């Protein structure tokens, strides 16, 4: 059983009240959450220090413009947070950040993590069209009923890890029919319990992972199978790979937005990866024809190889691909397979070593 | 541009594209080109890529004027020629903006033009990548219909205002197609190398091309007007710091505009480097100082920095806008700024390879109107 704080306001307002409380009472020095910035309703993450600015935030707005893990890494790479801050983020972002911290790309110190049972986000293209607001009633209705809102990211529709494992505070959203009038904050950690001391609200005990949550998970698993089939990647043999990636334009934006791709200079950006002119002449002599730019499929294979153990299937890669390659499905399939092999769920536990940093002499006897 | 006002007319049975492929085949066969770089349909059929072809059997999927520009050709030439010397002569069939970007990259030592022949084709524009990939096969027809009538409606916004769609510089041979009588293309030599190639192929450039030239010039005039209108409209949208911030407010800082830009050639962009990573204290201070810090940070600084670095060489190809996941009109903004900057230096990027980059030359008496004289500065200091 977990201690639960109930604030008698809608989930978004209750969460804003918590953030304001934390800032006003000096419990944190800053808050990172989504905020309405532009006149045209543009949304972005923002680091806020003034409690009055909480009013303009939209912590639960269903859009992931950037994966916050990557940004938190930037904030805490050179030094850990020197003052306490609270961060509102989605479960996949939190898991991705834990993975980055394992790779020494950031620090968890001094950060209070607030997350929610996540109903998913809308694709970036919907933000471009500017019609997310219209879909919000439909979105929240689906969340209350524990359903998948139509038109959400395919990666979200196939996501079974929508419960924030390591969050200090988790807002109950999925399948919670009371979210329009009450905010149920599950205080998962001592830090979470301690920090809300003095806030107005009712305390009780409860369980975040209920039977309803398990049912939602089963539904998502079924959806994942279905979507995976639709993406037609059953075999992922060389022919499928060549076919899928042949329209890649070589922009590497999938890597640029990926929280697991943390290299400061990607190998494929380096001088080492560039071929001599003589190489092209040799290849041309041999094959009679070359596709340019070269090495695009090689790039994707290497990227999959590098990130699949830590991929949290956030779907950011697919959303930014100018060629509409179903990268979310490919990453999900690869990630699932690799992670299952090592019995590893990225970001679930900061203490759990990355599989490639541990060596078990008797593992994989079958293929050695 | 040379003063040659003559060209060779070549029969093009069926289509302009077929005519160009036949020309390329003949040149390969006769050993005038060792290899050809030509846009082609990928085997999966759903996109196009540059193929570097030595064996003419691989010209089967060739499509000299594909409906989209998935990769800017200048980047392809750069990746092939940047390192080491070669001996294979490559003829590149490109769109005019790709040729001009290639020339700019040659000036920046990112392209070696030795053994490279540039052949451009009158360009009706390309349709945006998003329209093509979302259109599930409809893109080919859309482009075909539009390009046949030189209808720029479905094309990239910067293609619609392009006034350098024809022989605009950098090429050895230009292929004229605008309004040529059906079943023929015009091969117009634009350098001594180009003339020599046509001679070796036994094609005499004797035909009068003034009709084609008149049609091209007429369209250039129309496009210039449209370009001015569009530039004015963009200026109204972005002028002043508030509007500029607004224009880039949805930027997710992915830097894809930079990565697909043919001119952004730095191996590592300053904005991706450690110089742009700061300590936590710094971010917190900025947040406190200005009522919240938008994350990702420094997005506008990136765009202004990029603009400063490449706008003199910007050929308005539109790759940046096509690759932007947030549909920010990057290419139109950069076209406005590029036009202004280039005009100040009377510089047309890619016009000729001999024309030096403006920032590599210094003229003592230029821009005196924006300078302050030593006397004025010291007088102010004394006061």
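The values are calculated or read from the model by the stated rules, or taken from the named source; none is laboratory data. Since the structure is predicted, the reported quantities are computational estimates derived from the model, not experimental observations. Positions of Cβ are backbone-derived with ideal geometry, glycine not excepted, and every protein chain shown enters the neighbour counts.
Every residue in segment B:254-275 that is outside any loop (DSSP other than H, G, I, E, B) and at the interface with chain A (Cβ under 9 Å from one of its Cβ atoms), please.
B:256, B:259, B:260, B:272, B:274 - these are the residues of segment B:254-275 that are outside any loop (DSSP other than H, G, I, E, B) and at the interface with chain A (Cβ under 9 Å from one of its Cβ atoms).
Here are A:58, A:11: which of them is surrounded by fewer than 20 Cβ atoms within 10 Å (Cβ to Cβ), under 23 Å from the mean Cα position of the chain (by Cα) and away from chain B (no Cβ under 12 Å)?
Only one candidate passes the filter, namely A:58.
Find the residue count for segment B:159-173, including only residues that are under 17 Å from residue B:65 (Cβ atoms) and either touching a residue at least 60 places away in the same chain (Cβ under 8 Å) or not assigned by TED's automatic domain parsing to the domain that holds residue B:10 (or both).
Qualifying residue count for the region: 9.
Among the residues of segment A:190-229, which ones are without any contact (Cβ under 8 Å) to a residue 40 or more places away in the chain and more than 21 Å from the chain's Cα centre (by Cα)?
Result: A:190, A:194, A:197, A:210, A:211, A:226, A:229.
Quick one: which of A:266, A:248, A:258, A:254 is free of Cβ contacts under 8 Å to residues at least 40 places away in the same chain, within 14 Å of another protein chain (Cβ to nearest Cβ) and surrounded by 14 or more Cβ atoms within 10 Å (Cβ to Cβ)?
Just one listed residue meets the conditions, A:266.
All but one of (1) within 10 Å of chain A (Cβ to nearest Cβ); (2) over 24 Å from the mean Cα position of the chain (by Cα) hold for residue B:28; state the number of the condition that does not hold.
So residue B:28 meets the others, but not (1).
Residues to consider are A:68, A:60, A:34; find the one that is assigned by TED's automatic domain parsing to the domain that holds residue A:180 and out of contact with any helix residue (DSSP H, G or I) (no Cβ under 6 Å at 6 or more places or on another chain).
On inspection, the qualifying residue turns out to be A:34.
Return a yes/no flag: does segment A:315-337 have any residue that is over 26 Å from residue A:125 (Cα atoms) and either at pLDDT 90 or above or surrounded by fewer than 20 Cβ atoms within 10 Å (Cβ to Cβ) (or both).
Within segment A:315-337, one or more residues are over 26 Å from residue A:125 (Cα atoms) and either at pLDDT 90 or above or surrounded by fewer than 20 Cβ atoms within 10 Å (Cβ to Cβ) (or both).
Select, from B:17, B:72, the only residue that is modelled with pLDDT under 95 and either crowded, with 17+ Cβ neighbours inside 10 Å or in the same structural domain as residue B:257 (by TED's automatic domain parsing) (or both).
Criteria check complete, one pass: B:17.
All but one of (1) free of Cβ contacts under 8 Å to residues at least 60 places away in the same chain; (2) assigned to a strand (DSSP E or B); (3) farther than 25 Å from residue B:259 by Cα hold for residue B:9; which doesn't?
It is condition (1) that residue B:9 fails.
Working only within segment A:24-42, note down all residues that are surrounded by fewer than 21 Cβ atoms within 10 Å (Cβ to Cβ) and at negative phi.
A:24, A:25, A:27, A:29, A:36, A:37, A:38, A:39, A:40, A:42, listed by residue number.
For segment A:44-52, does any single residue satisfy the condition of being more than 7 Å from chain B (Cβ to nearest Cβ), outside any strand (DSSP E or B) and without any contact (Cβ under 8 Å) to a residue 12 or more places away in the chain?
yes
In this structure, is residue B:141 surrounded by fewer than 19 Cβ atoms within 10 Å (Cβ to Cβ) and on the phi < 0 side of the Ramachandran plot?
Answer is yes for this residue.
The rows are residues; the columns are (1) touching a strand residue (DSSP E or B) at 6+ places or on another chain (Cβ under 6 Å); (2) buried (at least 20 other Cβ atoms within 10 Å of the Cβ); (3) at pLDDT below 95.
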site: A:86; (1), (2), (3): yes, yes, no
site: A:94; (1), (2), (3): yes, yes, no
site: A:105; (1), (2), (3): no, yes, no
site: A:109; (1), (2), (3): no, no, no
site: A:115; (1), (2), (3): yes, yes, no
site: A:142; (1), (2), (3): no, no, no
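Quick one: residue B:343 ticks every box in (1) at the interface with chain A (Cβ under 8 Å from one of its Cβ atoms); (2) in a helix (DSSP H, G or I); (3) without any contact (Cβ under 8 Å) to a residue 24 or more places away in the chain bar one, so which box is it?
Every condition holds for residue B:343 apart from (1).
Quick one: residue B:334 ticks every box in (1) in contact (Cβ under 8 Å) with a residue 24 or more places away in the chain; (2) not assigned by TED's automatic domain parsing to the domain that holds residue B:312 except a single one, so which number is it?
Checking residue B:334 against (1) in contact (Cβ under 8 Å) with a residue 24 or more places away in the chain; (2) not assigned by TED's automatic domain parsing to the domain that holds residue B:312, the one that fails is (2).
Could you list, in sequence order, all residues of segment B:292-332 that are under 15 Å from the mean Cα position of the chain (by Cα) and in a helix (DSSP H, G or I)?
Within segment B:292-332, B:310, B:319, B:320, B:321, B:322, B:323, B:330, B:331, B:332 meet the criteria.
Where residues in segment A:68-83 are touching a residue at least 60 places away in the same chain (Cβ under 8 Å) and surrounded by 24 or more Cβ atoms within 10 Å (Cβ to Cβ), which of them is farthest from the other protein chains (Cβ to nearest Cβ)?
Ranking the candidates gives A:69 first.
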